[in-house]
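First comes the structure, then the notes that go with it.
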Amino acid sequence: MPILVGRKTRAIVWGITGNQGSFHSKLMKEYGTQIVAGVTPGKGGNIVNDVSVFDTASAALETTDANSSIIFVPAPFTKDAAMEAIDAGLNPVVIITEGIPARDAMVILAYAKQHGTIIVGPNTPGVITPGEAKLGIMPGEVFKPGTVGVASRSGTLTYEIAQSLTHSGIGQSTCLGIGGDPYTGLNFVEVLKLFRDDPGTTALVLIGEIGGSAEEEAARYISETDYPKPVVAYVAGRGAPPGKRMGHAGAIITGTEGTAAAKIESLTSVGVTVADVPSDLPRILEKQAPPISH
Amino acid sequence: MPTFAAPDFEQTQMKLFEYEAKSFAQNIGIPVPRGSVASTPDEAKDIHKRLGGEVVVKAQVLVAGRGKAGGIKFGKTPDETRDRASEILGMFIKGEKVQKVLVEQKLASKRELFTSIVQDRSNRCQTALASGQGGVDIEEVAQTTPEKVIKHPLDPIFGMRAYDSRDVALRLGYNGNQLNLFSNLLSNLYRLSVMYDAELVESNPVVETQDGKFVTADLRIIVDDNSLFRQPEFQERSREVSSEVSPLEAKAREQGLAFVELEGDVGIIGNGAGLVMATIDLVKQFGGNPANFCDVGGGSNADHVAAALSVVQSSEKVKKVFINILAGITRCDEVAKGILEVKNVIGLKKPLVVRMAGTNHEEGRRILRSGNVDSFEKMEEAAKMVVALGSS
């Protein structure tokens, strides 16, 4: 049983008529995801990739039974799209869009919290349950079904690590990017909770990076709850200088806060093995939790 | 823990000069000291004549810490003000040349306060900060005596309500008319943060004057870069600010690349911020020293890679280049074509190591081989190779 997305996912795509939205809705369908509708204001009545486009979420819900959503619209329109998706009762809401104003992100997150909606992102590659479905832009072929959960703050680095797991015969239950922005919905702690309650997940990989305190909070949670499943990690940015934004808006060391060293230290101190290089992860996983490969 | 002062080292932040921030503040009724901005010593003298009394002459720079650097001086007479302005104008503060000074009336203060509206990453909201210990390094106050900094998180949906600001005023010890005066000021600072999509609005100090009023003696505003689409008046500034970065960084950013210069001699290019960071870490781990962070983006094409390679190899300090591509949406054959395009048109100026994996990687490596360019499938092997290059 996966978390967040799976065979029962029926998604509405915001921005399905745009470049990214149409390209990726095609790939998501090919991967097996049920894409039941698209929403683009002013383009209602069109068909994209055999999917009907509606002007609003309520119009889409009159004829479809959607339960999830993914948003590709440009940053200026993302707050509106996300709030419409939340109001429509869709859950989760995956926000791929990058570069959303911080105040807009705060409103989206607060509104989602009021409605009990899970937001993945913004600035995320999305969520994939290998072999079932994906709401995101990740290449499906690097993943394989299995029982290791993967949560990451990065995109291509996640594919890198998923690929090395896959090549070592270690499959994944669900992989998701929590997003590279300073303000994101799901954080590592919430992901740890979801995976804890998922019988299909036997071990976890956390892929962190410099900036913020998501890794430290995860470490605290693991220690406080005596987390029942093995967790291993990799943290990118040991070689990053302070004060420089390393591509992701959230990847910046301010003062001494947010350094890779501090994050590795807090994870290690609660028993999480942190790999020196990404390709060590499969070996470490096998040592920690032998029966995970299949 | 909210960040109290915004980091002053991020070059892409959209900061406003103090005199600009104060003019925006004045427009919505926030009390600021009387004063005006000068570009020459004589202008400063004339401003003093108009103001009368004693004045303060303040360097207008975007970096913090100008007081310690000698960028704030006082003038008792217009002639003295001219001399002080002439000392400050043209000086360099943390590498930034002072082009303008703000000449303002000197305030007689009873108490100096710190107030700020910050974006609070851990609470995912804006937070109002205030302290009776203003005018000093507030981060130090927060560290040594955290109880002296009032933190009031604000609901993102409703924003700062009048009673939020009254609560802060009361906790600072004000009542009666002063409670209303201070809470109005705080509400207005919050309004500025909304009007200008500010990451930070900070006044340190807000001066409580002898007659019990409040004046923002200093004011900093930093605009959220991501909001520029709805802040048209700052879009031009965004281009000016980007001229403050190194020429190489500016060149890279023009091409749409996320680029940061580092100390070493190994040029690094990759697709995706996390992967590039991991690549830098790996090269360092094997004893190499990266010259830059260059992210061509997750879904990039041949042109992006070609542009990145051209920029990175153009740097004199770069002795060798490492391209690390994990193709998902990107296709390796496209990337390989981009690399060969650079080779054929301007030539490969530095030894190059390519790592390619993912979509169409076999085809990509075949194309590279046809152009005599080495490539690897595993990132570790490629990283070791690039470090070993030329070091034997």
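Quick note: the coordinates plus some simple rules give every number you see, no bench work behind them. Here the structure is a predicted model, which is why all the values come from computation and not from measurement. In this analysis, Cβ positions are derived from the backbone assuming ideal geometry, glycine residues included, and neighbour counts consider all displayed protein chains.
Normalised by 2.2 N^0.38 Å, with N the number of residues, the alpha-carbon radius of gyration of segment A:1-152 equals 0.96. For the listed peptides B:327-337, A:149-159, A:71-81, B:177-187, a ranking on the average number of other beta carbons within 10 Å per residue, highest first, reads A:149-159, B:327-337, A:71-81, B:177-187.
Using the Cβ of A:L267 as centre and a radius below 9 Å, the other residues enclosed give a net charge of -2, where K and R count +1 and D and E count -1. Working value for segment B:100-233: equivalent-ellipsoid semi-axes of 23, 18, 15 Å, each the square root of 5 times a Cα gyration tensor eigenvalue, largest first.
Put a dot 7 Å past the Cα of A:E286, heading toward its Cβ, do the same for A:R7, and the two dots end up 3.1 nm apart. Site pair A:N19 and B:E54 shows an inter-label distance of 6.1 nm when each label is modelled 7 Å from Cα along Cα→Cβ. Sequentially through segment A:79-91, phi angles give Karplus couplings (6.51, -1.76, 1.60; θ = phi - 60°) of 4, 4, 4, 5, 5, 5, 5, 5, 4, 6, x, 6, 7 Hz, Gly and Pro residues having no value and appearing as x.
Between B:K97 and A:E141, how high is the FRET efficiency from 1/(1 + (r/R0)^6) when r is the Cβ-Cβ distance and R₀ = 51 Å? Nearest 0.05. The computed FRET efficiency comes out at 0.40. If R0 is 51 Å, the Cβ-Cβ spacing of B:D303 and B:R34 corresponds to a FRET efficiency of close to 0.40.
Beyond 28 Å, the tail of the calculated P(r) for chain A holds 34 percent of the Cα pairs.
Rounded to the nearest 20, the size of the Cβ-charge dipole of segment B:34-106 about its Cα centre is 240 debye, with Lys and Arg at +1 and Asp and Glu at -1. Rounded to the nearest 0.05, the FRET efficiency derived from the C-beta distance between B:Q178 and B:S23 at R0 = 22 Å is 0.30. Legend: distances between Cα atoms for B:K22/B:K151; B:K94/B:K251; B:K58/B:K151; B:K15/B:K94; A:K79/B:K15; A:K144/A:K263; pairs beyond 21 Å are B:K22/B:K151; B:K94/B:K251; B:K58/B:K151; A:K79/B:K15; A:K144/A:K263.
Given chain B, what whole percent of its Cα pairs are spread farther than 39 Å? Within chain B, distances greater than 39 Å cover 36 percent of Cα pairs. Placing one equal scatterer on every Cα of segment B:194-326 and applying the Debye formula, the log10 ratio I(q)/I(0) at q = 0.13 Å⁻¹ is -0.68.
The Rg/Rh ratio of segment A:138-289, with both radii computed over alpha carbons and Rh defined as the Kirkwood radius, is 0.94. The label point for A:D276 and the one for B:K317, both projected 7 Å from the Cα toward the Cβ, are 2.7 nm apart.
Principal axis extents of the Cα atoms in the protein assembly as shown, from largest to smallest and rounded to whole angstrom, are 80, 63, 53. Electrostatic tally near A:R196: other residues with Cβ closer than 12 Å to its Cβ, Lys and Arg +1, Asp and Glu -1, net -2.
Over the residues of chain A, the helix contribution to mean residue ellipticity at 222 nm works out to -10000 deg cm²/dmol, using -39500 (n - 2.57) for each DSSP H run of at least 4. Where both bridge residues fall in segment A:138-289, DSSP classifies roughly 5% of the beta bridges as antiparallel.
Summarising the overall dimensions of segment B:34-106 from its C-alpha atoms, the Rg and Dmax are 10.9, 33 angstrom. Along segment A:39-54 the Karplus relation, 6.51 cos²θ - 1.76 cosθ + 1.60 evaluated at θ = phi - 60°, assigns HN-Hα couplings of 10, 9, x, x, 10, x, x, 6, 10, 10, 6, 6, 10, 6, 9, 10 Hz to successive residues, with x for each Gly and Pro. Here segment B:251-392 carries DSSP beta bridges of which approximately 20% are antiparallel, counting only pairs with both residues inside. When peptides B:284-294, B:162-172 are ranked by their average number of other Cβ atoms within 10 Å per residue, the highest-first order is B:284-294, B:162-172.
With one equal scatterer per alpha carbon and no solvent term, the Debye-computed log10 I(q)/I(0) for segment B:247-388 at 0.13 1/Å reads -0.45.
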